[in-house]
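Trainee: Before I ask anything, let me first share the structure, which is written out below as C-alpha cells.
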Amino acid sequence: MMRDPIYLCLSPDDPLEQPGQSEPARFLLIAEETTSQQYKESIAKALVRGNCLYFLAWGSESEAWHDAVDAANYELFESKSIPDERLIVTTWHDDEPLSEVFLFAKKNAFHPEVELQRTVLLHVSHVPQERKFLGEYAAA
C-alpha cells in the first residue's frame, strides 16, 4: 500500500537532508527556481546516496536536473554496471502540466526491481507551498 507523500521545500541554496525514513522512494522535483549546476549536482548526489530509486523532474531546468541525477548514479558506481536494484529511473517533464506529472507519478512511476511505497515532493522554491502541492497530488 502506498504511503502518503512527503513534502520538502528547499530554497535554491539549501542542502538536502534525507527524510527520517530510509525506505526506497520516488522523488518528484518541482523546480520553481533556477539553480547553479553545482547545486543540482549536490542534491543529485544526496538523492543517489539516499533512498531515491525513481526521479521525476518538472519545472525550471528539468532536463539538467534529470542529467545530474543520472550522472551521480553512474559516478557512485564508478561507471561500472549499476545493480538493477540501485538503478535510479529518471524522467523529465518540461512541457507537461504539473497535474499530469502528478498523475504519471502515481500511475506509472514504478521501479522495475524494487517496490516504492513512498513519494517525496521535492520543491525548489523560496516560497513553501506544502498544502497546495499535497492537495494537487492527492487530487491527481
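Where a number appears in this text, it was derived from the coordinates with a stated rule and is not lab data. All figures in this text were calculated on a predicted structure; none of them were measured in a lab. Positions of Cβ are generated from backbone atoms using ideal geometry, with glycine treated the same way; all protein chains shown enter the neighbour counts.
Trainee: D70 versus N108, label points 7 Å from Cα toward the beta carbon: distance in nm?
Mentor: Output for this residue pair reads 1.7 nm.
Trainee: Among residues other than L29 whose Cβ falls under 13 Å from its Cβ, what is the net charge (Lys/Arg +1, Asp/Glu -1)?
Mentor: Numbers: positive: R26, K40; negative: E32, E33, E61, E63, D67, D94.
Result for the local shell: -4.
Trainee: Something else: Using the basic label-point model (7 angstrom from Cα toward the beta carbon), what is the L134 to S11 distance in nanometres?
Mentor: 2.2
Trainee: Sticking with this one: From the Cα trace of the chain, what convex hull volume per residue do you get, rounded to a whole Å³?
Mentor: Numbers: hull volume 14.1 nm³, N = 140.
That works out to 101 Å³ per residue.
Trainee: Could you give the Stokes-Einstein D for the stretch 81-129 in µm² per second, using the C-alpha Kirkwood radius, 37 °C, 0.692 mPa s? The partial results should precede the final answer.
Mentor: On the way: Rh = 13.0 Å.
Diffusion coefficient, whole number: 253 µm²/s.
Trainee: Still on this structure, I have one more. Provide the gained length on full extension for the span S22 to E96, in nm with one decimal, where the gain is 0.36 nm per separating residue minus the Cα-Cα distance. Please list the in-between numbers first.
Mentor: Details: separation 74, 0.36 × 74 = 26.64 nm, distance 3.01 nm.
Contour length minus the Cα-Cα distance gives 23.6 nm.
Trainee: What 222 nm value per residue comes from the helices of the chain, counting each DSSP H run with n ≥ 4 as -39,500 (n - 2.57) and dividing by all residues, nearest 500 deg cm²/dmol?
Mentor: Details: 4 runs with 48 residues, N = 140.
Theoretical 222 nm ellipticity from helices: -10500 deg cm²/dmol.
Trainee: All other residues with a Cβ under 12 Å from the Cβ of S60 taken together, and with Lys, Arg as +1 and Asp, Glu as -1, what is their net charge?
Mentor: Numbers: positive: K40; negative: E32, E33, E61, E63, D94.
With Lys, Arg at +1 and Asp, Glu at -1, the neighbours total -4.
Trainee: Antiparallel as a % of all DSSP beta bridges within the chain, to the nearest 5?
Mentor: Working: 0 of 24 bridges.
Roughly 0 percent of the beta bridges in the chain run antiparallel, per DSSP.
Trainee: Mind checking which of L103, L116, L47 has the largest fluctuation in a GNM of the chain, springs on alpha carbons under 10 Å?
Mentor: L103
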